[in-house]
Amino acid sequence: MTPSRAATLVALRRVGKTFPNGTVALAELDLDVRAGEFLALLGPSGCGKSTALRLIAGLTAPTQGAVAWPQAQHAMRSDGRIGFVFQEPTLMPWASVSDNVALPLKLRGAPAATTVARVEATLARVGLEKFGSAYPRELSGGMRMRVSIARALVTEPQILLMDEPFAALDEITRFKLNDDLLQMWQTLRTTIVFVTHSVFESVYLASRVVVMAARPGRVFTELAIDAPYPRDAAFRTSSDYAAICRRTSDALAGAMAAGGGA
Amino acid sequence: MTDRMLRIVLPIAVLVLGLAIWEAVVRLENIPPYVLPAPGAILQTLIADRILLLRSLGVTLTTTVEGFLLATVGGVGLAILFNQSRLVEYSLYPYAVILQVTPIVAVAPLLLIYLPQQAAVLVCAWIVAFFPVLANTTLGLNSVDRNLAALFSLYGASRRQVLWRLELPSALPYILGGLRIAGGLSLIGAVVAEIAAGSAGAGSGLAYRIAESGYRLNIPRMFAALLLLSVAGIVIFYLLSLVNHLALRHWHESALEAEK
């Protein structure tokens, strides 16, 4: 599948977002997310990449421009077609792992039998099938993030939005979760938009990297990452990977210069 | 000796020492019981008057429990109502504060004029106890994790689902904290009202016994009644702490064993 030929799943057209306190988070943002691609939004803090993600999710409304879903017949929200993973695991501490993962299904009143089956299947997909009855506090940071990903996947979303999900994890855990995420993406063929401030993470994961600049938040440039999937540890140490990372770093440096530094 | 044992042994040692000194001073100085009764004499009175005192304890505890339950229902209910409607909150909150800040000792005699005695005592217990429940529940309902709230919105949760599945569980530790304060306060409210009623010449609760014994210079019975009130307060506090622990032990930081 060549991402560039795929249909547009969601299009942001001249989107602006100004917060009530006057901060301009985004201005004139044009961004197409194509069906099936793994898109990384890369940029310094304050470039509005998280805001862009929340706009796509419909968690906040643009002050200018529009977010359009060309192919969607129904509203995308409240149908479980959008999955969202926050930087923190954001689990309900009072509920077991299973109950946390079941939340999206329960909120839309899915029958109990299907809920149980899908929760079990999704937990197995993230490698936590034995931890359904555990409470979040009993799990490590990496496992909590897996629960969070399972909760986002349980509705079989068309698009998975991830807001720096692995930023707070140690490197070993992060690499493992990167690999597992790539594998899930290839199996499920869902679309992923992944916000990160790590050049290395964006190049390793994404089929396309959009580099954003700050003040005001906007798209600075984009790079197609043509390295074939599946990508693994060999790719991480290859000279190809190093070369792409260098190009991406240069682009990011340009974006930071354009945004008036860090 | 472990830290845990010290926590139990040391207070008991202080108690025994204090009682021994008290008993010794009363005996050596020949202090009459209407000035200061010895611990032994108080214990004797407690046993001799047990039927009267326990019946009075029952009356006071019934008022306390009823006041506490009404405070729980009223405090949590009002907080949910405030949470659902800003207009209701703006309209009623100042009056909740007024109820809280007006000294109950001053309000009790007035209530006794307008209400039947039992009802007046109950209203006093309720007024004192309900505000911490209201304030804590309100704080808890407003302390929901923003990202979890965003998630509920993303999945199209209804107002009711947000309340039951997100806001009330988030608020539970705060509510239980409020209840722990309210338990002791409703006992205080009941006692204040009974004393006020007692001075008006009616009542049969434990606080009334204290007032009555005071007029009759039956000081040992005053101490015995006071002891029972104190024990009742301690039991209420630990019962509510137990409920708190059982409800939160799986997940809330406050109920977790310290990691060693």
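The values are calculated or read from the model by the stated rules, or taken from the named source; none is laboratory data. The shown structure was predicted, so the numbers you read here are calculated from the model rather than taken from an experiment. Please note: Cβ atoms are built from the backbone with ideal geometry, for glycine as well, and neighbour counts cover all protein chains shown.
When the helices (runs of 4 or more DSSP H) confined to the range B:145-260 are screened for residues that are under 28 Å from B:Ala71 (Cα atoms), those reaching at least 3 such residues are found at B:168-199, B:206-215, B:219-248. Counting residues in the range A:14-27 that are within 20 Å of A:Leu205 (Cβ to Cβ) and either touching a helix residue (DSSP H, G or I) at 6+ places or on another chain (Cβ under 8 Å) or not assigned by TED's automatic domain parsing to the domain that holds A:Gly217 (or both) gives zero.
Residues checked against (1) of a type outside the set (Asp, Glu); (2) under 23 Å from the mean Cα position of the chain (by Cα); (3) closer than 24 Å to A:Leu181 by Cα; (4) assigned to a helix (DSSP H, G or I):
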{"position": "A:Met212", "(1), (2), (3), (4)": "yes, yes, yes, no"}
{"position": "A:Phe220", "(1), (2), (3), (4)": "yes, yes, no, no"}
{"position": "A:Arg231", "(1), (2), (3), (4)": "yes, yes, yes, no"}
{"position": "A:Tyr241", "(1), (2), (3), (4)": "yes, yes, yes, yes"}
{"position": "A:Ile244", "(1), (2), (3), (4)": "yes, yes, yes, yes"}
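Away from chain A (no Cβ under 12 Å) and among the hydrophobic types (A, V, I, L, M, F, W, C), is that true of B:Leu148?
Details: away from chain A (no Cβ under 12 Å): no; among the hydrophobic types (A, V, I, L, M, F, W, C): yes.
The answer is no for B:Leu148.
Taking the range A:10-26 as the range and being out of contact with any Lys or Arg (no Cβ under 6 Å at 6 or more places or on another chain), crowded, with 18+ Cβ neighbours inside 10 Å and either free of Cβ contacts under 8 Å to residues at least 40 places away in the same chain or of a type outside the set (D, E, K, R) (or both) as the test, the residues that pass are A:Val10, A:Leu12, A:Val15, A:Gly16.
No other residue among B:Arg4, B:Arg50 is surrounded by fewer than 17 Cβ atoms within 10 Å (Cβ to Cβ) and closer than 23 Å to B:Leu226 by Cβ apart from B:Arg50. Reported count of residues in the range A:82-95, each being closer than 25 Å to A:Val10 by Cα, crowded, with 18+ Cβ neighbours inside 10 Å and more than 7 Å from chain B (Cβ to nearest Cβ), is 2.
Within the range B:73-88, the set of residues being buried (at least 17 other Cβ atoms within 10 Å of the Cβ) and touching a helix residue (DSSP H, G or I) at 6+ places or on another chain (Cβ under 6 Å) comprises B:Gly74, B:Gly75, B:Val76, B:Leu78, B:Ala79, B:Phe82, B:Asn83.
Tell me yes or no: at least one residue of the range B:177-197 is within 14 Å of chain A (Cβ to nearest Cβ), within 20 Å of B:Leu78 (Cβ to Cβ), in contact with a helix residue (DSSP H, G or I) (Cβ under 8 Å, 6 or more places away or on another chain) and of a type outside the set (Phe, Trp, Tyr). Walk me through how you get there before you give the answer.
We begin by selecting, within the range B:177-197, every residue within 14 Å of chain A (Cβ to nearest Cβ); these are none.
No, every residue in the range B:177-197 fails to be within 14 Å of chain A (Cβ to nearest Cβ), within 20 Å of B:Leu78 (Cβ to Cβ), in contact with a helix residue (DSSP H, G or I) (Cβ under 8 Å, 6 or more places away or on another chain) and of a type outside the set (Phe, Trp, Tyr).
Checked against (1) surrounded by fewer than 16 Cβ atoms within 10 Å (Cβ to Cβ); (2) at negative phi, A:Val210 meets all criteria but (1). Only helices (runs of 4 or more DSSP H) whose full extent lies in the range B:1-101 are considered here, and the ones with at least 3 residues that are in contact with a Pro (Cβ under 8 Å, 6 or more places away or on another chain) are B:3-29, B:39-48.
Select from the range A:96-130 the residues that are among the hydrophobic types (A, V, I, L, M, F, W, C) and either within 8 Å of chain B (Cβ to nearest Cβ) or under 24 Å from the mean Cα position of the chain (by Cα) (or both) and list them in ascending order.
In the first step, residues of the range A:96-130 are kept if they are among the hydrophobic types (A, V, I, L, M, F, W, C); the result is A:97, A:101-103, A:105, A:107, A:110, A:112-113, A:116-117, A:119, A:121, A:123-124, A:126, A:128.
Listed by number, the residues that qualify are A:Val97, A:Val101, A:Ala102, A:Leu103, A:Leu105, A:Leu107, A:Val119, A:Ala121, A:Leu123, A:Ala124, A:Val126, A:Leu128.
Which one of these does A:Leu177 not meet: (1) more than 14 Å from chain B (Cβ to nearest Cβ); (2) buried (at least 22 other Cβ atoms within 10 Å of the Cβ); (3) of a type in the set (A, V, I, L, M, F, W, C)? With respect to (1) more than 14 Å from chain B (Cβ to nearest Cβ); (2) buried (at least 22 other Cβ atoms within 10 Å of the Cβ); (3) of a type in the set (A, V, I, L, M, F, W, C), A:Leu177 is out only on (2).
Residues in the range A:27-39: is at least one within 14 Å of chain B (Cβ to nearest Cβ), in contact (Cβ under 8 Å) with a residue 12 or more places away in the chain and on the phi > 0 side of the Ramachandran plot? Within the range A:27-39, not a single residue is within 14 Å of chain B (Cβ to nearest Cβ), in contact (Cβ under 8 Å) with a residue 12 or more places away in the chain and on the phi > 0 side of the Ramachandran plot.
Select, from B:Leu151, B:Leu172, B:Leu168, B:Leu179, the only residue that is among the aliphatic types (A, V, I, L, M), buried (at least 22 other Cβ atoms within 10 Å of the Cβ) and under 23 Å from the mean Cα position of the chain (by Cα). Give the derivation first.
On the way: B:Leu151 fails: under 23 Å from the mean Cα position of the chain (by Cα); B:Leu172 fails: buried (at least 22 other Cβ atoms within 10 Å of the Cβ); B:Leu168 fails: buried (at least 22 other Cβ atoms within 10 Å of the Cβ).
Just a single option satisfies the conditions, and that option is B:Leu179.
Quick grid of which residues meet (1) in contact (Cβ under 8 Å) with a residue 24 or more places away in the chain; (2) touching an Asp or Glu at 6+ places or on another chain (Cβ under 7 Å):
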position: B:Glu194; (1), (2): yes, no
position: B:Ala207; (1), (2): yes, yes
position: B:Ile210; (1), (2): no, no
position: B:Ser213; (1), (2): no, no
position: B:Leu227; (1), (2): yes, no
position: B:Ser230; (1), (2): no, no
position: B:Phe237; (1), (2): yes, no
position: B:Leu246; (1), (2): no, no
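Scanning the range B:132-144 for residues that are surrounded by fewer than 23 Cβ atoms within 10 Å (Cβ to Cβ) and assigned to a helix (DSSP H, G or I) returns B:Pro132, B:Ala135, B:Leu139, B:Leu141.
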